[in-house]
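Heads up: the structure comes next, in structure tokens.
The values are calculated or read from the model by the stated rules, or taken from the named source; none is laboratory data. All of these numbers come straight from a predicted model, not from anything done at the bench. Here Cβ is always computed from backbone atoms with ideal geometry, including for glycine, and neighbour counts include all displayed protein chains. Calculation scope for accessible area: heavy atoms of the full protein, side chains included, ligands and nucleic acids excluded. Shrake-Rupley method; radii C 1.70, N 1.55, O 1.52, S 1.80 Å.
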Amino acid sequence: GNYIYESPATGRRGEWFMTGFSPRKQNLTLYIMPGIAYYKDLVKQLGKCKTGGSCLYINKLADVDITVLKELISTAYKKMKITTTKKKKE
């Protein structure tokens, strides 16, 4: 799913995905909205990975606990779904 965001600094609006995946040459990148900092406990349980902003970087799937990864993605998506639904009603 997608959502509309507005930058508090500039007021600029855009459309972005609620969660995303990019298989890059150096790693697998997952985009976790609204930011990976909201999910520190799950990231600690995940295994070998790096984070930055809304990005989760994994070298290979064998490095992480797939069950925890599924929970992280699902939890983040549900949070964004709830957040965007509330904003639409306002």
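Take the residues in the range 54-81 that are open to solvent by 60 Å² or more (accessible area, probe 1.4 Å) and touching a Gly at 6+ places or on another chain (Cβ under 8 Å), then tell me which one is nearest to residue 19 (Cα to Cα).
It comes out as 77.
Using the structure shown, decide if residue 44 is open to solvent by 100 Å² or more (accessible area, probe 1.4 Å), without any contact (Cβ under 8 Å) to a residue 24 or more places away in the chain and either assigned to a helix (DSSP H, G or I) or touching a Gly at 6+ places or on another chain (Cβ under 7 Å) (or both). Quick ask: steps written out before the conclusion?
On the way: open to solvent by 100 Å² or more (accessible area, probe 1.4 Å): yes; without any contact (Cβ under 8 Å) to a residue 24 or more places away in the chain: yes; either assigned to a helix (DSSP H, G or I) or touching a Gly at 6+ places or on another chain (Cβ under 7 Å) (or both): yes.
For residue 44, the condition - open to solvent by 100 Å² or more (accessible area, probe 1.4 Å), without any contact (Cβ under 8 Å) to a residue 24 or more places away in the chain and either assigned to a helix (DSSP H, G or I) or touching a Gly at 6+ places or on another chain (Cβ under 7 Å) (or both) - is met.
When the range 11-41 is examined, which residues are found to be within 12 Å of residue 69 (Cβ to Cβ), touching a residue at least 40 places away in the same chain (Cβ under 8 Å) and either assigned to a helix (DSSP H, G or I) or open to solvent by 30 Å² or more (accessible area, probe 1.4 Å) (or both)?
Keep residues of the range 11-41 that are within 12 Å of residue 69 (Cβ to Cβ), which gives 19, 21, 28, 30, 32, 39.
Keeping just the survivors that are touching a residue at least 40 places away in the same chain (Cβ under 8 Å) gives 19, 30, 32.
Passing the criteria: only 19.
What number of residues within the range 47-83 are of a type in the set (Ser, Thr, Tyr) and in contact (Cβ under 8 Å) with a residue 40 or more places away in the chain? Walk me through it before giving the result.
Filtering the range 47-83 for residues of a type in the set (Ser, Thr, Tyr) gives 51, 54, 57, 67, 74-75, 77, 83.
Applying the additional criterion that residues be in contact (Cβ under 8 Å) with a residue 40 or more places away in the chain yields 77, 83.
Selection size over the range 47-83: 2.
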